[in-house]
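The values are calculated or read from the model by the stated rules, or taken from the named source; none is laboratory data. The model shown is predicted, which means the values in this text are computed figures rather than measured ones. Please note that ligands, DNA and RNA were not included when accessible areas were found on the heavy atoms of the full protein model with its side chains. Shrake-Rupley method; radii C 1.70, N 1.55, O 1.52, S 1.80 Å.
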Amino acid sequence: MRDLFFSSALVGLLALASPAMADENDWAGLYKGLDALDGSIDYLSIAPSGPGEFELRTVPSIMSLCKNGRGWIVAEGRLADDNRLHRFNARAFCEDKEPFDIEDRFFVRDAQTGIIRFDASDDRRPLIYHRISTK
């Protein structure tokens, strides 16, 4: 009986501690956000490419970095020691001009809600993304 109690307590503690044990599977998925400045609906895809590494794609309905508003962002990502996702080697692709580099960013993910926050590339306004799929 005592062993059953301790086993149950251990399982309970592990269940409570699991959100703190974030890994790359917590980041992977498809996210959707609303850009408050231009009203665009943005889609963010985070796909694992190796241990702790990701391929990132952002496709907004209106891209303020592009003159005609149509474009997308391609980048690499790597988990940082502080559980943030570092977006680097980011390039913007616009229909009306050649691809160009954009600044690195750090994504912050809320462990309980899964919401991702980071600053926009053009004026650092906060962007918020909700995960809509894990596949």
> For Thr134, what accessible area in Å² do you get when you roll a 1.4 Å probe over the heavy atoms of the protein chains, rounding to the nearest 10?
Replying inline: 100 Å²
>> Can you give me the long-range amide H partners of Gly69? Hydrogens built in the peptide plane at 1.01 Å from N, cutoff under 5 Å, separation of 5 or more residues or another chain.
In response: Met63
>> Suppose accessible area is computed on protein heavy atoms with a 1.4 Å probe; arrange Lys32, Lys67, Lys97 from highest to lowest.
In response: Lys67, Lys97, Lys32
